[in-house]
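A.B. asks: Supplied in structure tokens, the structure appears directly below.
Values in this text are rule-based calculations from the coordinates and carry no lab data. Since this is a predicted model, take the numbers as computed values, not measurements. Cβ coordinates were reconstructed from backbone atoms using ideal geometry, including for glycine residues, and neighbour counts include every protein chain displayed.
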């Protein structure tokens with residue numbers, strides 16, 4: 001029996017297949033090229049991102065007391081953990097002594113110890129140990145814990161803010177009903193890979209939310225597997241893009257009660273401002289994209305998740321194979337297109353055009369522009 005959400009998406013796709021159509025926008029959109037090359041726009045983007053909540057992981061990564069994960073958001077290292085009384089906490093992952101990180105990777109710990117000078121912090125962020133403490137009389141060490149930042153657990157996802165004033169609790173309200181059909185809270189971290197890209201961060205995100213390029217840029221990888229009868233939905237500033245597998249047409253003559261519980265295709269969720277969840281039956285990934293040193297530099301983190309604990313060599317080989325295959329597409333096909341566009345945008349092109357067949361690119365651009373003009377979102 002399919003989930004209601006999956007069944008609805010499947011019906012919409014089948015209707016598109018019959019009509020030889022796909023979801024569209026009402027008009028074209030002209031985006032100024034300066035949105036991708038201007039230092040002024042880059043600075044505005046970074047300012048907006050610093051005061052916006054970010055989805056950075058799955059709640060299942062820190063399901064038990066002592067479990068922790070580390071992330072980098074806009075160059076800020078953070079650590080998220082669950083205390084012994086099961087309270088979710090997040091901190092800037094920086095030692096108050098000299099600024100070194102106190103936690104690396106992910107795992108389980110009773111405390112965090114800086115490997116530079118041995119300062120130790122409890123899971124609640126308090127400084128609990130400093131070698132030769134008497135040498136720091138007058139430094140008020142009791143006040144020099146890890147700097148706490150807002151964190152929320154909603155829809156099975158971890159959301160953080162880089163500033164204490166950022167409201168993380170309501171960030172996913174608009175998309176909560178749609179996300180509730182997925183068991184994100186059980187997802188676990190498998191492996192994360194980082195890619196430095198010579199392209200604007202928005203170009204790296206755009207490529208996930210239009211099917212127009214698939215038959216050309218992915219002619220031998222994705223194109224043989226999917227149809228272009230895509231469906232697109234928006235939820236406030238968030239969005240969802242459904243790319244159906246070709247075998248979806250086999251469901252036409254099958255009773256809905258016999259359909260799979262999952263949507264037979266790729267679901268790409270855009271979680272404002274720069275997180276992408278990729279859900280495929282049996283696989284889950286998270287992509288996080290941030291601007292880097294300038295408008296033509298960005299960082300992409302691709303995380304392979306697991307539906308549960310990965311304990312066997314067979315499981316590990318399967319997840320590594322999935323990640324390798326997706327990295328091949330990302331590095332061999334997607335990133336080169338983004339970098340090519342970035343070079344082209346510096347030649348004096350005045351605008352880029354988002355067609356009616358690229359509705360979510362229009363949505364993303366409008367959402368970012370709206371957020372840039374807003375004051376800080378406070379709790």
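A.B. asks: Taking springs between alpha-carbon atoms closer than 10 angstrom, which of 330, 205, 158 fluctuates most in the Gaussian network model of the chain?
C.D. replies: Per the Cα network of the chain with a 10 Å cutoff, 330 tops the list.
A.B. asks: Listing 187, 84 from the residue with the fewest other Cβ atoms within 10 Å to the one with the most, what is the order? Working shown, then result.
C.D. replies: Details: 187 26, 84 11.
Sorted ascending by nearby Cβ count, the order is 84, 187.
A.B. asks: Sticking with this one: Can you compute the helix-only [θ] at 222 nm over the chain? Use -39500 (n - 2.57) per DSSP H run of at least 4 residues, normalise by all residues, nearest 500 deg cm²/dmol.
C.D. replies: -7000 deg cm²/dmol
A.B. asks: How far apart, in nm, are two points set 7 Å out from the Cα along the Cα-to-Cβ line at residue 115 and at residue 174?
C.D. replies: According to this spin-label approximation, the distance is 4.2 nm.
A.B. asks: Same structure again: Taking a point 7 angstrom from the Cα of residue 369 along the C-beta vector, which residues in segment 206-246 have backbone N less than 17 Å away?
C.D. replies: The answer is 206, 237-238, whose backbone nitrogens lie closer than 17 Å to the label point.
A.B. asks: Kindly give Rg over Rh for segment 54-160, based on alpha-carbon atoms, with the Kirkwood expression for the hydrodynamic radius.
C.D. replies: Reported Rg/Rh, Kirkwood definition of Rh: 0.98.
A.B. asks: Can you give me the distance in nm between label points at residue 317 and residue 198, each placed 7 Å from the Cα along the Cα-to-Cβ direction?
C.D. replies: In this crude label model, residue 317 to residue 198 measures out at 3.8 nm.
A.B. asks: Using every Cα-Cα pair within segment 234-303, state what percent have a distance larger than 14 Å.
C.D. replies: Above the 14 Å cut-off, segment 234-303 has 68 percent of its Cα pairs.
A.B. asks: At R0 = 56 Å, how high is the FRET efficiency between residue 254 and residue 100 if r is their beta carbon distance? Nearest 0.05 is fine. Can you show the working numbers first?
C.D. replies: Working: r = 58 Å, r/R0 = 1.04.
Computed FRET efficiency for residue 254 and residue 100: 0.45.
A.B. asks: Over the Cα atoms of segment 268-335, Rg to Rh with Kirkwood Rh, two decimal places?
C.D. replies: For segment 268-335, the value is 1.03.
A.B. asks: How far is it, in nm, from the label point at residue 126 to the one at residue 142 when both lie 7 Å from their Cα along the line to the Cβ?
C.D. replies: Here the modelled spin labels are 1.0 nm apart.
A.B. asks: Would you mind ranking 215, 202, 50 so that the residue whose beta carbon has the fewest other beta carbons within 10 Å leads the list?
C.D. replies: 215, 50, 202
A.B. asks: Comparing 350, 206, 296, which has the greatest mean-square fluctuation in the GNM of the chain with Cα pairs linked when under 10 Å apart?
C.D. replies: Ranking 350, 206, 296 by mean-square fluctuation puts 350 first.
A.B. asks: Something else now. Pulled fully out, how much extra length does the chain show between residue 347 and residue 219, if you take 0.36 nm times their separation in residues and subtract their Cα-Cα distance?
C.D. replies: Values: separation 128, 0.36 × 128 = 46.08 nm, distance 2.77 nm.
Roughly 43.3 nm would be gained on extension.
A.B. asks: Still on this structure, please answer the following. Please list, by residue number, everything in segment 256-281 whose backbone N is under 16 Å from a paramagnetic label point 7 Å out along Cα→Cβ of residue 14.
C.D. replies: The answer is 256-265.
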